[in-house]
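Take a look at the structure below.
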Amino acid sequence: MKICYNLLMPFDLFKRIVKPSSFLGVDIGTTSIKVAEVKQGKDQPELINYSLFETYDHLERTNTALQTSTLKLFENEISEYLKIIIQKGGFKSREVTASLPSFSAFTTIIDIPKMPEGEIAKTLGFKARQYIPLPLTSVTLDWVKVGERTDEKGNKTQRIFLISVPNEQIERYKKIFDQAGLNLLTLEVEGFSLARILTTTIDKPTLIIDVGSRSTTFLVAQNGLLKYVSQSDFAGSSLTQSIASGLGINIRRAEDLKRQKGLAGLGHGPDKELSTLLVPLLDVIINEAKRVKDNYQHSYQQKIASVILSGGGANLLNAEKYFKEKLELPVSKADPFAQIDYPPKLAPLTNSLGPSLSVALGLGIKPFI
């Protein structure tokens, strides 16, 4: 068993060597790769380059995703894609912070008595056996303190967010970046990156609904810290499949319609049929969001104050309006660019790019905060 705070390598090793001027945040999703190159700006981190690479073959053949929820990574293909992205995109840095999808890690919240920092790791080593579904010798454990609570007897405990990642999965990521000629410094479960970039300035519990291609992740975060995670298999591809089946069209056309029209016909109009096909699956996602909200509020005795929609699904037309109506909470689209400087010419694109680039930007700013 290994217990390690950053999973691979802590950034404080740079105190003994020359620290690079910029870093790459690399988010490898199930059907896309996003890269953000970030340096320290005058007042806050600054984006100096980015790339968003998407594959569409997965829409027609499910075995062509870059990775799957069965933890299968297509190392050689991803490495080749990364080489092309770095070369064609003109990225200067070769130092990488990379994301792990939520489905590749086992996470849970553990309550333990208040104790010195040095004792926590020992205690978690024993407690982890009760929660981790794999032999502890085959995983790497990470943990973060996420708050305190008082139990029924009045005893104060501290809440620990425990993360377990199979060592085999970590080795796969090392291989991917090594083959691509990149230096992998640290891996981070994507929820931590989203919490950092989207809620650092928010001091009330916020529900982040990250709608990806193959899965939707539900996160509760506050002050840049992740507190709760859940997941559903209903996501962007589910919506596309529903349109294709309902309208009797091919999957690529269905994807295009989803992106162009979204919920434009909600309740009326010429696109009502399209919206009608999307609503039942969106309601599944919303019902899971309600369950996460209720579980969090019961466990933490804190109210969820607002909702942020992230991931490619956040760009679905009228999604904010529909989620707000159903969840009865303020809903906004992810705006990671509020926490980072960027070239002025990028300003017209930030609204549409923000939800998809949130994880990569959250990774990119990590060395500078």
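Read-outs: derived from the displayed coordinates by stated rules, not from any lab. All of these numbers come straight from a predicted model, not from anything done at the bench. Methodologically, a virtual Cβ is constructed for each residue, glycine included, from the backbone with ideal geometry; neighbour enumeration extends over all protein chains shown.
Criterion first (in a strand (DSSP E or B), touching a residue at least 60 places away in the same chain (Cβ under 8 Å) and farther than 20 Å from residue 329 by Cβ) does residue 185 satisfy it?
Values: in a strand (DSSP E or B): yes; touching a residue at least 60 places away in the same chain (Cβ under 8 Å): yes; farther than 20 Å from residue 329 by Cβ: yes.
Yes, satisfied.
Go through the residues of segment 355-366 one by one and say whether even a single one is surrounded by fewer than 16 Cβ atoms within 10 Å (Cβ to Cβ) and either without any contact (Cβ under 8 Å) to a residue 60 or more places away in the chain or farther than 18 Å from residue 34 by Cα (or both).
Step one: list which residues in segment 355-366 are surrounded by fewer than 16 Cβ atoms within 10 Å (Cβ to Cβ), which gives none.
No, segment 355-366 contains no residue that is surrounded by fewer than 16 Cβ atoms within 10 Å (Cβ to Cβ) and either without any contact (Cβ under 8 Å) to a residue 60 or more places away in the chain or farther than 18 Å from residue 34 by Cα (or both).
Looking at (1) exposed (fewer than 15 other Cβ atoms within 10 Å of the Cβ); (2) free of Cβ contacts under 8 Å to residues at least 40 places away in the same chain, which is the one condition that is false for residue 321?
So the condition that residue 321 fails would be (2).
Could you list, in sequence order, all residues of segment 313-341 that are among the aliphatic types (A, V, I, L, M) and closer than 18 Å to residue 239 by Cα? Let's see the steps before the verdict.
Narrowing segment 313-341 to residues among the aliphatic types (A, V, I, L, M): 314, 316-317, 319, 327, 329, 331, 334, 338, 340.
Scanning segment 313-341 gives 314, 316, 317, 319.
Per-residue answers, yes or no, for (1) assigned to a helix (DSSP H, G or I); (2) over 29 Å from residue 213 (Cα atoms); (3) touching a Lys or Arg at 6+ places or on another chain (Cβ under 7 Å); (4) β-branched (Val, Ile, Thr):
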residue	(1), (2), (3), (4)
84	yes, no, no, yes
107	no, no, no, yes
120	yes, yes, no, yes
137	yes, yes, no, yes
147	no, yes, yes, no
153	no, yes, no, no
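Go through (1) in a strand (DSSP E or B); (2) under 13 Å from the mean Cα position of the chain (by Cα) one by one and return the number of the condition residue 193 breaks.
(1)
Conditions: (1) touching a residue at least 40 places away in the same chain (Cβ under 8 Å); (2) closer than 30 Å to residue 39 by Cα; (3) not in a helix (DSSP H, G or I). Residue 332 meets all but one. Number of the miss?
(1)
Quick one: residue 309 ticks every box in (1) in a helix (DSSP H, G or I); (2) crowded, with 21+ Cβ neighbours inside 10 Å bar one, so which box is it?
Residue 309 satisfies every listed condition except (1).
Just the residues that are outside any strand (DSSP E or B) and under 11 Å from the mean Cα position of the chain (by Cα), please, taken from segment 204-235.
Just the residues of segment 204-235 that are outside any strand (DSSP E or B), to begin with: 204-205, 212-215, 223-224, 233-235.
Answer for segment 204-235, where residues must be outside any strand (DSSP E or B) and under 11 Å from the mean Cα position of the chain (by Cα): 212, 215.
Restrict the check to segment 268-283 and report whether at least one residue is buried (at least 17 other Cβ atoms within 10 Å of the Cβ), in contact (Cβ under 8 Å) with a residue 60 or more places away in the chain and at negative phi.
No, there is no match, as no residue in segment 268-283 is buried (at least 17 other Cβ atoms within 10 Å of the Cβ), in contact (Cβ under 8 Å) with a residue 60 or more places away in the chain and at negative phi.
Enumerate the pairs (first residue in segment 336-350 and within 16 Å of residue 308 (Cα to Cα); second residue anywhere and of a type in the set (A, V, I, L, M)) with beta-carbon separation below 6 Å, excluding pairs fewer than 6 apart on the same chain, so at least 6 apart or on different chains.
If the second residue must be of a type in the set (A, V, I, L, M), the pairs left are 336/197; 336/361; 339/197.
Could you please find all residues in segment 284-304 being free of Cβ contacts under 8 Å to residues at least 40 places away in the same chain, among the charged types (D, E, K, R) and more than 19 Å from residue 215 (Cα to Cα)?
294
For segment 155-168: of the residues being part of a strand (DSSP E or B), among the polar types (S, T, N, Q) and out of contact with any Phe, Trp or Tyr (no Cβ under 9 Å at 6 or more places or on another chain), which is farthest from residue 220 (Cα to Cα)? Quick ask: steps written out before the conclusion?
The first filter runs over segment 155-168 and keeps only residues part of a strand (DSSP E or B), leaving 156-166.
Those left that are additionally among the polar types (S, T, N, Q): 157-158, 164.
Filter once more, so that each one left must be out of contact with any Phe, Trp or Tyr (no Cβ under 9 Å at 6 or more places or on another chain): 157-158.
Details: 157: 20, 158: 17 Å.
That would be 157.
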